[in-house]
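Written out below as structure tokens is the structure these notes cover.
Just so it is clear, none of the values below were taken in a lab; they were calculated from the coordinates. Note that the structure is predicted; figures quoted are calculated from it, not measured. Note: ideal-geometry Cβ built from the backbone for every residue, glycine included; neighbour counts use all protein chains shown.
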Amino acid sequence: MEIAGHVVVISGGASGMGAATAQHLASLGANVAILDNHAEAAKVIAEEIGGYAIACDVSDESQVQAAMDAVVKKYGAIHIAINCAGIAPAARIVGRDGPMSMDNFQRVIQINLIGTFHILRAAAAIMMQHEPLNPDGERGVIINTASVAAYEGQIGQSAYSASKGGIVALTLPAAREFGPKGIRVMTIAPGVMETPMMAGISEEYAAGLSAAVTFPSRLGHADEYARLTQTIIENHYLNGSVIRLDGALRMAAR
């Protein structure tokens with residue numbers, strides 16, 4: 001799919017990989033709508049790129065639908081949807097104070113997995129109404145964000161790994177369902193990325209994570225995620241798969 005002139009919705013677009021993607025795709029001529037529960041931060045990015053900011057909690061079905069309706073009202077369509085919203089709190093299943101709070105587990109699932117599903121279903125319903133955009137009959141592209149933790153979760157990542165594993169498992173059936181309608185579904189599984197989510201870790205811990213990456217031995221950059229979204233959007237034959245963006249990192253048990 002061409003990027004220039006098309007409408008992109010990015011959840012979690014106010015920071016990290018979402019913000020980098022908003023900036024990158026806007027530089028390629030896309031009309032970008034940023035959905036984020038940090039409204040002021042979203043406005044800053046939107047003003048910078050000439051985009052559209054909407055306050056939205058992706059875990060709330062009604063907020064997501066209202067946001068998507070607002071994007072269609074402003075731009076007339078949604079051609080590309082990218083799910084970047086997510087949280088990654090660490091907690092053992094059974095810690096010093098006993099079993100993990102179910103509220104904590106459910107919150108991670110609600111934002112990361114169900115939030116992704118809210119965007120996916122709402123975007124696909126809109127894309128199905130489009131006329132085909134190219135000779136392949138393409139109507140839209142949806143890109144989700146999982147994590148290498150879906151495959152190699154660490155101690156303390158049970159909720160996060162479960163949420164991201166759900167996104168991985170969702171990819172192929174969604175692509176198979178929407179393929180006849182000309183909508184592609186892909187997922188990116190980043191490794192250790194230099195984003196606000198990692199801002200609280202120590203330099204020593206960051207160095208250890210970097211050393212575990214085969215090559216290049218460093219944390220990933222948000223713009224590397226952004227450029228991969230461009231590749232997925234532009235390559236019509238990428239569909240129903242998960243791409244690891246991790247420098248060949250394979251997390252060992254700790």
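Points worth noting:
- Packing-based exposure ordering (other Cβ within 10 Å, fewest first) of ILE114, ILE10: ILE114, ILE10
- Residues in the stretch 19-36 carry Karplus couplings, in order, of 5, 4, 5, 4, 5, 5, 5, 5, 5, 8, x, 7, 8, 10, 10, 9, 9, 7 Hz; the curve used is 6.51 cos²θ - 1.76 cosθ + 1.60 with θ = phi - 60°, and Gly or Pro positions show x.
- Placing +1 on the Cβ of every Lys and Arg and -1 on the Cβ of every Asp and Glu, with nothing else charged, gives the stretch 7-245 a dipole about its Cα centre of roughly 460 debye.
- Whole-Å distance, taken between Cα centres, linking the stretch 213-239 and the stretch 110-165: 16 Å
- Across the options GLY179, ALA85, LEU238, the greatest Cα extent toward the positive end of the charge dipole of the stretch 7-245 (unit charges at beta carbon of Lys, Arg, Asp, Glu) belongs to GLY179.
- Between the C-alpha center of the stretch 45-76 and that of the stretch 14-28 there is a gap of 15 Å.
- Shown is the FRET efficiency for GLU177 and PHE215, computed with R0 = 45 Å from the Cβ-Cβ distance and rounded to the nearest 0.05: 0.75.
- Segment ALA206-VAL168, extension gain: residue separation times 0.36 nm, minus the distance between their alpha carbons: 11.1 nm
- Ranking of LYS164, LYS43 by count of other Cβ atoms within 10 Å, fewest first: LYS43, LYS164
- As a rough footprinting exposure proxy, the listed residues THR116, THR214, THR171 were ranked by other beta carbons within 10 Å of their own, and the order from fewest upward is THR214, THR171, THR116.
- Hz values of 3J(HN,Hα) by residue in the stretch 105-116 - Karplus curve (6.51, -1.76, 1.60), Gly and Pro given as x: 4, 5, 5, 5, 5, 5, 7, 6, 8, 5, x, 4
- Residue-span extension gain [ARG227 to ALA91] - 0.36 nm each, minus C-alpha spacing: 45.7 nm
- Degrees between helix 203-212 axis and first principal axis of the chain (Cα, 0 to 90, nearest 10): 70 degrees
- Estimated 222 nm signal from helices in the chain, with DSSP H stretches of n ≥ 4 weighted -39500 (n - 2.57), rounded to 500: -13000 deg cm²/dmol
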